[in-house]
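Where a number appears in this text, it was derived from the coordinates with a stated rule and is not lab data. Being a predicted model, the structure only gives us computed values, none of them experimental. Cβ placement follows ideal geometry from the backbone for every residue including glycine, while neighbour counts extend to all protein chains displayed.
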């Protein structure tokens, strides 16, 4: 609640609730695309964000993958950064103080190679001032062991969720992988295990080849596809998941405009995360928020919450070729 | 450290050879704060494809609030940039990265190879602005053939520094590499070598400098998505045993810090 103290009553209400966490607006930064927020402090007003989700944190520091780590593809990019990060201890001592000073909720993205690691990181984050929530990465496709298995098996996804939830003491968001046959099965399992919210989608596993050198474009051979190219897949998955769970769903995937964000909300997302677009326009999140105010005013919405899940799927005229039932 | 996203108007387009171009852009905030060796990220498309900005070293700045980039058409992004019209607006983000560390007293030996010539004009300009005396300074420029250097010679000559050239085909100056020129001249005592060019060239310059005990700064290039430390995509191995990020820790390094990609 303390985050909302300066809400301007003359502006439309963009507040949304992610479980017990209240956000001033639905726009968050996606993990791994916004560093530890400070990188952007001279480029935008960080205090306007709905929430900051920081770069994924592991128990021990990780140096990441060899280069090349990124390659541009049609309307998107592939990355295999390899979860480079400073580790949970240095994150707490070096990064968290600055983040705690921001006037927005800070959600810490965590990742582990084993159940015990997820729990250990959660324990170390417990009680650290400024940590408003934990996002659990069970879906990163870049690390050979751990991550990918948790995100693709409903039972394992549920076990991580339950373990982190038991320890966390703050709302727990589970970030789902799109690299599964039925994302709703994982979503349900994670909800049943006690998740406070779901964020989706993480990157789609992809590959690019350099014909000239006959080599993979990434040193890791495969990587995660992000950017506008994945938006239709992300919208579909958010729509499907929102139908089957009752906890808040956070939409991620190729969002780079207010329109994109609102489409995800219509599909059932309570909030959104903006990822790859931060690389192209470091001010994009702020521009999306400004656009939401403009949209709410133009549409005379008392609250932006009124469009969540408001997708009109029942069209007035039925299929003209439908056979009448007898 | 101020960085800006500016809508920069294209004020001049110069074509030097089939694929080499120079753009002059009106972006006063970036022009005023840029330092030699820093770079900018430029959006080449208004829409979503190509999605990412392209990094370019700053070729030079002017008091009139303009910057120049010098580039070669290598892919779709640079192809689009080569075809921009005067008056068009481009989104330019910068200045980014750490530039060259200039020294007002030490003689400068400036070595540019191929497109590595690009940042050296800005460096030569600031170097001569900073110093009372450039008598011992030296510029060595190399490329595949004459047309990649000749159109820039007037700009480089305005500082009055000794200037040597080398081309792979012998069409201008020494027939061979800039490293051979560097090896053949007697370098001024207490000088600093600044180099930018292909990796094998910089590795060669690094070796010559190491042998002679001369400090050497190099500017390297890398693919990158953001240019400002968020994506961690521009990693390259450093001797200290970890990755360094070209956008934040570079693009200018002490040559001894790096492991060469050759």
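Data overview
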read-out: Net lengthening on full extension, residue A:243/residue A:98 (0.36 nm per residue, minus Cα-Cα); value: 48.4 nm
read-out: Pair-distance profile P(r), taking every C-alpha pair of the protein assembly as shown, with 10 angstrom steps and integer %; value: 3, 16, 25, 23, 16, 10, 5, 1, 0, 0, 0
read-out: FRET efficiency, residue A:184 to residue B:261 (Cβ-Cβ, R0 60 Å, nearest 0.05); value: 0.85
read-out: For chain B, alpha-carbon Rg and Dmax in angstrom; value: 17.5, 53
read-out: Helical contribution to [θ] at 222 nm, DSSP H n ≥ 4, -39,500 (n - 2.57), averaged over chain B, rounded to 500; value: -6000 deg cm²/dmol
read-out: Helix B:118-130 vs. chain B, principal-axis angle (Cα, 0 to 90°, nearest 10); value: 70
read-out: Fluctuation leader among A:198, A:11, A:218 - chain A, Gaussian network, Cα springs under 10 angstrom; value: A:11
read-out: Volume of the Cα convex hull of segment B:4-96, divided per residue and given in Å³; value: 85
read-out: Shielding of B:86-95 by partner chains, average beta-carbon count, 10 Å; value: 1
read-out: Gained length - residue A:192 relative to residue A:126, 0.36 nm times residue gap less alpha-carbon distance; value: 21.5 nm
read-out: P(r), alpha carbons of segment A:152-258 - 5 Å bins starting at zero, rounded %; value: 2, 12, 20, 19, 16, 13, 9, 5, 3, 1, 0
read-out: Tensor-based shape of segment A:43-95 (alpha-carbon gyration tensor, a/c under 1.5 rounded, otherwise prolate or oblate); value: oblate
read-out: Global form of chain A, assessed from the alpha-carbon gyration tensor, a/c cut-off 1.5; value: rounded
read-out: Calculated FRET value between residue A:47 and residue A:303, using beta carbons and R₀ = 30 Å, to 0.05; value: 0.90
read-out: Prolate/oblate/rounded call for segment B:108-257, Cα gyration tensor, a/c under 1.5 rounded; value: prolate
read-out: Separation of alpha-carbon centers, segment A:53-106 and segment B:120-143, rounded to whole Å; value: 40
read-out: Pairs of alpha carbons in segment A:226-324 whose separation is greater than 22 Å (percent); value: 36
